[in-house]
Structure formats: structure tokens, C-alpha cells
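The values are calculated or read from the model by the stated rules, or taken from the named source; none is laboratory data. Note that the coordinates shown come from a computational prediction; the quantities given were computed from them, not determined experimentally. Reconstructed Cβ throughout: ideal geometry from the backbone, glycine too, with neighbour counts over all protein chains shown.
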Amino acid sequence: MLVDFVVVGLLWGFLRGGKLRNLSRVDFPFLWVIILGFGLEFLAVGGVLQPFVVFNLVGRGLVLLGALLNARLYGMKLVSLGAFLNFLVIALNGGKMPVSLTVTSWLGLKSLVGHLENNYYPDYTILSSSTLLPFLGDVVPYFSFLSRRFFVASVGDYLLGIGVMLFLAHYLRNEAGEENNQ
């Protein structure tokens, strides 16, 4: 999902006359914290780092921390809010993102339903009556124009993606001296 927002942000920035080199001029001192967080999440889901729940939460916490430390940058407040909402719902639900089987079934994602029912994914769980903050789970349909198929996403995913898209579109267009820290 995030890849779609990155592509839209880049296209939007380029269509507005932006240049890729402008991104390298953005003062983004804690980008490494976000990259480390995503890396830990990836390694935890891949089974490299165990126990999964600990590394998944630490990775998501680092993404949140990195976004907050860079909140002065355009779009990063939305990224921070999205990362916080995802971290919150995952932390309150045993380190896993709750997923609505109702929405998943409605979208015709039969294999995803089967995988969820068989506990195939280490980072997802089925949304149930005992789920805390269920409205923050993966309950919103999302159509990926890159994959040309539907997914289920969270409000946090949307906010994070929109923040990244706005960040890219804004900073592609701005030269180094122009409002880099807005």
C-alpha cells in the first residue's frame, strides 16, 4: 500500500516541476531511525528476528519515533499520527494487527481469509469481539493501482501513506533553500 502512495507522491512532485535531487537536500536527520524500524519489522515478519512480537513492536516504535523526531517536515505529522495509530492498535492486541474478516470476505480475498483463519501471518490476527480499538485495525478497503487488486488497510495506513505522498510531492518541488523545514 505504501508503495502506491510513494509512486503518487513522486509523480505529483515531478508533474509540478520537481527534481529528485531536491529530496537529497532535505534536512531529515532521523531518517535512519525510520529505516531501522522498517528493517526490524521486515526481519521480524520474515522470521529472522524472534520473538516476533517484540521486534515487530520495537520496529513500529522506531518508525513512530523517527517520524515524531522529524515532525517539523511537511507531511511528517500525518506520518507520525498514522504510525502512532498503527502502533497503538497493534500493541493493544498482542503485537498483531486485527483484520476484519467481514471486509476481507466482502472484497473477495478468499486466500487472505483462509490464511487468517489458519493463523498463517505472524503480524495479523482476526478482528473479534475481544479486539481493542477495532476501528483502528485493518477494516478499510484499499485498491492498489500498482497491484490492481484490493487489500484491507487501517486508518493509520492511510494517514501514513498520505503523509509520505505529501512529503514527496512537496520536497521534490522545493530547492534546498526553499522552506525545507515546513
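Applying the set (1) surrounded by fewer than 18 Cβ atoms within 10 Å (Cβ to Cβ); (2) at pLDDT 95 or above; (3) of a type in the set (A, V, I, L, M, F, W, C); (4) within 24 Å of residue 14 (Cβ to Cβ) to residue 132 leaves exactly one unmet item: (4). Entry remark, the range 32-45: residues being surrounded by 13 or more Cβ atoms within 10 Å (Cβ to Cβ) and more than 15 Å from the chain's Cα centre (by Cα) number 2 in total. Of everything in the range 46-60 that is within 17 Å of residue 35 (Cβ to Cβ) and within 18 Å of the chain's Cα centre (by Cα), the residue that is modelled with the lowest pLDDT is 46. Within the range 1-28, how many residues turn out to be closer than 24 Å to residue 69 by Cβ and outside any helix (DSSP H, G or I)? Qualifying residue count, the range 1-28: 4.
Taking every residue in the range 1-25 that is on the phi < 0 side of the Ramachandran plot and pairing it with any residue that is part of a helix (DSSP H, G or I) and basic (Lys, Arg), at least 6 positions away or on another chain, the pairs with Cβ-Cβ distances below 8 Å are 13/173; 16/173; 18/173; 22/173. Being touching an Asp or Glu at 6+ places or on another chain (Cβ under 7 Å), surrounded by fewer than 20 Cβ atoms within 10 Å (Cβ to Cβ) and small (Gly, Ala, Ser) is the requirement here; does residue 144 meet it? So residue 144 fits the description; yes.
When each of 56, 86, 22, 70 is tested for being in contact with a Pro (Cβ under 9 Å, 6 or more places away or on another chain), within 20 Å of residue 6 (Cβ to Cβ) and not aromatic (Phe, Trp, Tyr), the lone residue that passes is 70.
For first residues located in the range 70-86 and free of Cβ contacts under 8 Å to residues at least 40 places away in the same chain and of a type in the set (D, E, K, R), partners that are buried (at least 21 other Cβ atoms within 10 Å of the Cβ) and in a loop (DSSP other than H, G, I, E, B) and lie 6+ apart or on another chain with Cβ distances below 6 Å do not occur. All conditions but one from (1) surrounded by 22 or more Cβ atoms within 10 Å (Cβ to Cβ); (2) within 12 Å of residue 123 (Cα to Cα) apply to residue 80; the one that does not is (2). On inspection, residue 66 qualifies as farther than 17 Å from residue 172 by Cα, within 14 Å of the chain's Cα centre (by Cα) and at pLDDT 95 or above.
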